[in-house]
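Novice: Got a structure for you, questions after.
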Amino acid sequence: MRKTIIELKKADLTLGSAAASVHVLKGIDLIIDEGEAVGIVGPSGSGKSTLLMVLAGLERLDSGEINVNGARLHELGEDALADFRGKNIGIVFQSFHLIANMTALENVAIPLELANVRNPFDIARRELEAVGLGERLGHYPGQLSGGEQQRVAIARALAPSPAVLIADEPTGNLDTETGQQIADLLFAQQAERGMTLVLVTHDLALAARCSRQVRVASGQVASDAATINRPAETQTA
């Protein structure tokens, strides 16, 4: 029996204030098990990216509960939440968010160093080799292609060995071929490490590679179902 790693109970969130306020999440209930790959889909403005930020601990709920890997995130203070996020949740963004004046190795190692992890540069080197960038350790973001920059971002997210990997449109800034390579890398790393992967995407082919698809509409879960006819290489026994 699989362990529940993420649970949302009646999650409610309004962004903005007064006349500019938007009720983004409306009492969402969601359970995700350890090791699952879950694609969150839905139209623009449906609340799917905000939902992902709540799961990542980057947005606070107005009401309801969020439990991730045994921690009640809605009850944690800012420092405790940041510490938990750094150790348990890896995050990959559409636009990479690399530090321009740091090498690939430094971009991956510095967050580990700040978290007082032992041997941060050894870990960073190993993670960059795992994503196929062992020969690009000393290159700066401006010297790397978009696909290579996203590989650095993935290595940075994986370096703390997180229980959950969150990806927000991870292929959105890439051409089709490079996006396919990044998708292959994400699913390969997820399967190899047994992590939980939660990704938001407009790409239905990418979402179809997940074990489940959660469709969000108007701030609510409109459907939640196992994916049918996934590619054979993404299926697990």
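The values are calculated or read from the model by the stated rules, or taken from the named source; none is laboratory data. All figures in this text were calculated on a predicted structure; none of them were measured in a lab. With ideal geometry, Cβ positions are generated from the backbone for all residues, glycine too; neighbour counts draw on all protein chains shown. Keep in mind that these areas ignore ligands, DNA and RNA; they rest on the heavy atoms of the full protein, side chains included. Shrake-Rupley method; radii C 1.70, N 1.55, O 1.52, S 1.80 Å.
Novice: What number comes out for the charge environment of Thr178, summing +1 per Lys or Arg and -1 per Asp or Glu over other residues with Cβ under 11 Å away?
Specialist: Its environment carries a net charge of -3.
Novice: Could you give the angle, 0 to 90 degrees to the nearest 10, between helix 176-193's Cα long axis and the longest principal axis of the Cα atoms of the chain?
Specialist: The two axes meet at around 80 degrees.
Novice: Here is a further query. Of the DSSP beta bridges with both residues in the chain, give the percent that are antiparallel, rounding to the nearest 5.
Specialist: 55
Novice: Name the most mobile residue of Ala71, Ala153, Ala56, meaning the one with the largest mean-square fluctuation, in a Gaussian network model of the chain with Cα contacts below 10 Å.
Specialist: Ala71
Novice: For the chain, report the accessible area per residue in Å² (1.4 Å probe, heavy atoms, rounded to an integer).
Specialist: 48
Novice: In addition: For Ser218, what charge total do you get from the other residues with a beta carbon under 14 Å from its beta carbon, if Lys and Arg give +1 and Asp and Glu give -1?
Specialist: Net charge in that neighbourhood comes out at +2.
Novice: Sticking with this one: On the accessible surface of the chain, probed at 1.4 Å, how many percent belong to carbon and sulfur atoms?
Specialist: 49
Novice: Let me ask you something else. Taking Cα atoms, how many degrees apart are the long axis of helix 78-88 and the longest axis of the chain, rounded to 10 and kept between 0 and 90?
Specialist: 60
Novice: Simple spin-label model, 7 Å along Cα-to-Cβ: Ser145 to Glu78 in nm?
Specialist: 4.1
Novice: Taking K and R as +1 and D and E as -1, what net charge do the other residues with C-beta under 11 Å from the C-beta of Lys48 add up to?
Specialist: -1
Novice: What FRET efficiency do you get for Thr176 and His97 if R0 is 22 Å and r is their Cβ-Cβ distance, rounded to the nearest 0.05?
Specialist: 0.45
Novice: Using the alpha-carbon atoms, what tilt in degrees (0 to 90, nearest 10) does helix 146-158 show relative to the longest principal axis of the chain?
Specialist: Roughly 70 degrees, rounded to the nearest 10.
Novice: Moving on to the next point. For a quick check of your reading of the filter: which trypsin sites (Lys or Arg not before Pro) in the range 44-125 sit in a DSSP loop and have no more than 16 other Cβ atoms within 10 Å?
Specialist: Arg60, Arg118
Novice: Run the quick spin-label model on Lys26 and Lys9: label points 7 Å from Cα toward the beta carbon, then report their separation in nm to one decimal.
Specialist: Roughly 2.3 nm, to one decimal.
Novice: Quick check on the chain: helices-only [θ] at 222 nm, where DSSP H runs of length 4 and up contribute -39,500 (n - 2.57) each and the sum goes over total residues. Nearest 500, please.
Specialist: After summing the helix terms and dividing by the residues of the chain, the value is -9500 deg cm²/dmol.
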